[in-house]
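Working notes for the structure below.
The values are calculated or read from the model by the stated rules, or taken from the named source; none is laboratory data. Keep in mind that what you see is a predicted model, and the values were worked out from it rather than measured. Every residue, glycine among them, receives a Cβ derived from its backbone with ideal geometry; neighbour counts consider all protein chains shown.
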Amino acid sequence: MADVQPVEIVIVGGGTAGWMTAAAFGHFLESGYKIRLIESEAIGTIGVGEATIPQIRMFNQALGIDEDAFIRATQATFKLGIEFVGWTKPGESYLHAFGDVGRAVGLCGFHHAWSRGRRLGLAGPTHDYCLNDIVAKQDRMHRGRALTAPTVPEMPHAFHFDASLYARFLRQFAEARGVVRSEGTIDEVLRDGQTGDVTGLRLASGEIVGGDLFIDCSGMRALLIGQALGVAYDDWSHWLPCDRALAVPSARVEHFTPYTRSTAHDAGWQWRIPLQHRTGNGRVYCSAFTSDEAAADSLLAHLDAPALDDPRPIRFTTGRRREAWKHNVIAVGLSSGFLEPLESTSIHLIQSAISRILKFLPGKVQSQVERDEYNRQFAFEMERIRDFIVLHYTLNERDEPFWRACRDMTLPGSLADRIALFREGGHIFRDGDELFSEVAWFQVMAGQGIVPLRSHGIAEALDVADLKAWLDTIAALYQREAAQYPTHADYIARHCAAPAIEMVPA
């Protein structure tokens, strides 16, 4: 019997995208595959993806990674949701929290009962009926089953972590499972003259690295998918006009809020991501409405601890590659597209791309029908997340020129229809396996000020006294549960405190 040659997979680029891909491939492709990653320490990474959504736990669990060990290694804190400050108007805020809000009434979703209660003056904000939201605002934390009643749900959680430390953690994991790392820059991409497939990469050292499948994790440079293969880029800046960001770390604070904060400003927004050893901060803005200097001054003026470095500029164009899989190259991470980190989807998009690749598992032979289906799924995912991000911008009542332009923009038809369905009858429908659930859409639309004009017939038929008692009972149950939890900082100190790192201003 002839020897079967292993499938050779070459990952171009390290960082979070490269090492997540390498770790997953090294773990799941134990035989029949050779995995090699090429990166250069001379090439920096974006490094703004420090906030995640609960799906990251599925990735770590699939790799058999102990959660507390991961938290300690990456200086992580817990995340129960994202607070949006000033997105409707200055002085107002709401939390897009993980987990359920309230409970359904038979076939009727909670949002229908809530909207009727809101119109009658019986219901509070969505905050009152979401355990994650209540716990986050009290700066508490808990994992596992509820402590007070079996009817109280568990709290889903995600993390804030140092992306560079996570990449280092995954590098050790991947190399222990046979992934080979090569240090060096790529001077030339070699392609087959007939098929157009990539056959190898010529490094600056002169070495040629051949492969069957190439994963482009080279970030916004898109070395393979963009520069070598020339895949077109769909520009979405007419819907998401922010085109620049500034990122800066600030000193550690004792107040470890278990949520990300996104604060609207005159031409965009500012993030705050608390870690154990420092706080990540950034300013996302539209250069047509403010200057780089004004954005930097405002960013530094709104830190809650001294800056540890100068703000690092990042320029971007929101959008996606027309194809994420072209020939024998698949783009993962920023090489496939960019969506601003408003809803912490950057790392999730890496994770979902890895999962999609493993489902298709391209080998030495690849077909166009497989590429087409992969690209259809990729486009669907990106477009639905795009709509969810645009939702935050268009539903505003602010009076600055930037925000008026966002309010007046022509929306994607898919988003305009969603808003109209909710506004008129409180209807929310999840489209296939899109990322954000009905509860997520509900929290943002309600948080941005929409109260539907009418509710589902079941909700409209509820006795008013019963409706009020039911809403009050849910709120009381969750407040009682939250009161049992320790503070976020105490919980970390008890279970997963990281070794101290002295952060010194540059």
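Between a residue in the stretch 439-457 that is free of Cβ contacts under 8 Å to residues at least 60 places away in the same chain and any residue that is of a type in the set (D, E, K, R), which pairs come within a Cβ distance under 6 Å, given they are 6 or more apart or on different chains?
From the stretch 439-457, the pairs are Ile450/Arg423; Leu453/Glu424.
Looking only at strands (runs of 3 or more DSSP E) that fall completely inside the stretch 57-125, which ones have 1 or more residues that are out of contact with any His (no Cβ under 8 Å at 6 or more places or on another chain) and among the small types (Gly, Ala, Ser)?
In the stretch 57-125, 93-97 are the strands (runs of 3 or more DSSP E) which contain 1 or more residues that are out of contact with any His (no Cβ under 8 Å at 6 or more places or on another chain) and among the small types (Gly, Ala, Ser).
Which residues, counting only those in the stretch 149-184, are among the small types (Gly, Ala, Ser) and under 22 Å from Met58 (Cβ atoms)?
Correct list: Ala158, Ala163, Ala167, Ala174, Ala176.
Could you grab me the full set of residues in the stretch 353-374 that are surrounded by fewer than 18 Cβ atoms within 10 Å (Cβ to Cβ) and part of a helix (DSSP H, G or I)?
Those that are surrounded by fewer than 18 Cβ atoms within 10 Å (Cβ to Cβ) and part of a helix (DSSP H, G or I): Ser355, Leu358, Lys359, Phe360, Gln368, Val369, Glu370, Asp372, Glu373.
Kindly indicate whether any position in the stretch 329-345 is part of a loop (DSSP other than H, G, I, E, B), surrounded by fewer than 16 Cβ atoms within 10 Å (Cβ to Cβ), at pLDDT 95 or above and touching a Lys or Arg at 6+ places or on another chain (Cβ under 7 Å).
No, the stretch 329-345 contains no residue that is part of a loop (DSSP other than H, G, I, E, B), surrounded by fewer than 16 Cβ atoms within 10 Å (Cβ to Cβ), at pLDDT 95 or above and touching a Lys or Arg at 6+ places or on another chain (Cβ under 7 Å).
Please state which of the following conditions Ala498 fails to meet, knowing it meets all the rest: (1) part of a loop (DSSP other than H, G, I, E, B); (2) among the small types (Gly, Ala, Ser); (3) under 21 Å from Leu107 (Cβ atoms).
Every listed condition holds for Ala498 apart from (3).
Among the residues of the stretch 94-107, is any under 17 Å from Gln351 (Cα atoms) and among the aliphatic types (A, V, I, L, M)?
No, the stretch 94-107 has no match at all.
Do we have any residue at all in the stretch 301-324 that's crowded, with 21+ Cβ neighbours inside 10 Å, in contact (Cβ under 8 Å) with a residue 40 or more places away in the chain and assigned to a strand (DSSP E or B)?
yes
Here are some residues: Pro499, Pro401. Which one is loosely packed, with under 15 Cβ neighbours inside 10 Å, touching a Phe, Trp or Tyr at 6+ places or on another chain (Cβ under 7 Å) and more than 19 Å from Cys130 (Cβ to Cβ)?
The unique qualifying residue is Pro401.
If you take the residues of the stretch 86-98 that are of a type outside the set (A, V, I, L, M, F, W, C) and in contact (Cβ under 8 Å) with a residue 60 or more places away in the chain, which of them is nearest to Ile56 (Cα to Cα)?
Per the criteria, the residue is His96.
Quick check on Arg371: is it touching a Phe, Trp or Tyr at 6+ places or on another chain (Cβ under 7 Å), over 23 Å from Asn60 (Cα atoms) and not hydrophobic (A, V, I, L, M, F, W, C)?
So Arg371 passes the test.
So, in the stretch 25-56, exactly how many residues are assigned to a loop (DSSP other than H, G, I, E, B) and either within 21 Å of the chain's Cα centre (by Cα) or at pLDDT below 95 (or both)?
Residues flagged as assigned to a loop (DSSP other than H, G, I, E, B) and either within 21 Å of the chain's Cα centre (by Cα) or at pLDDT below 95 (or both) within the stretch 25-56 amount to 17.
For the subset of the stretch 142-172 comprising residues that are under 14 Å from Asn132 (Cα atoms), touching a helix residue (DSSP H, G or I) at 6+ places or on another chain (Cβ under 9 Å) and not hydrophobic (A, V, I, L, M, F, W, C), which member is surrounded by the most Cβ atoms within 10 Å (Cβ to Cβ)?
The residue in question is His157.
So which residues in the stretch 393-410 are more than 22 Å from the chain's Cα centre (by Cα) and under 25 Å from Phe378 (Cβ atoms)?
Of everything in the stretch 393-410, those that are more than 22 Å from the chain's Cα centre (by Cα) and under 25 Å from Phe378 (Cβ atoms) turn out to be Met409, Thr410.
If I ask for residues that are assigned to a helix (DSSP H, G or I) and closer than 24 Å to Ala113 by Cβ, which ones from the stretch 415-435 would you list?
Of everything in the stretch 415-435, those that are assigned to a helix (DSSP H, G or I) and closer than 24 Å to Ala113 by Cβ turn out to be Asp417, Arg418, Ile419, Ala420, Leu421, Phe422, Arg423, Glu424, Gly425.
Report, ordered by the first and then the second residue, all pairs with beta carbons closer than 9 Å, sequence separation of six or more or different chains, a first member in the stretch 53-68 that is in contact (Cβ under 8 Å) with a residue 40 or more places away in the chain and more than 11 Å from Phe159 (Cα to Cα), and a second member that is in a loop (DSSP other than H, G, I, E, B) and hydrophobic (A, V, I, L, M, F, W, C).
Matching pairs, first to second residue: Phe59/Ile65; Asp68/Cys496.
Can you go through Ala476, Ala459 and tell me which one is in contact with a strand residue (DSSP E or B) (Cβ under 6 Å, 6 or more places away or on another chain) and among the hydrophobic types (A, V, I, L, M, F, W, C)?
Ala459
Would you mind telling me which numbered condition in (1) surrounded by fewer than 21 Cβ atoms within 10 Å (Cβ to Cβ); (2) over 18 Å from Trp19 (Cβ atoms) Ala136 fails?
(1)
Only one of (1) modelled with pLDDT under 95; (2) within 19 Å of the chain's Cα centre (by Cα) fails for Gly81. Which number is that?
(1)
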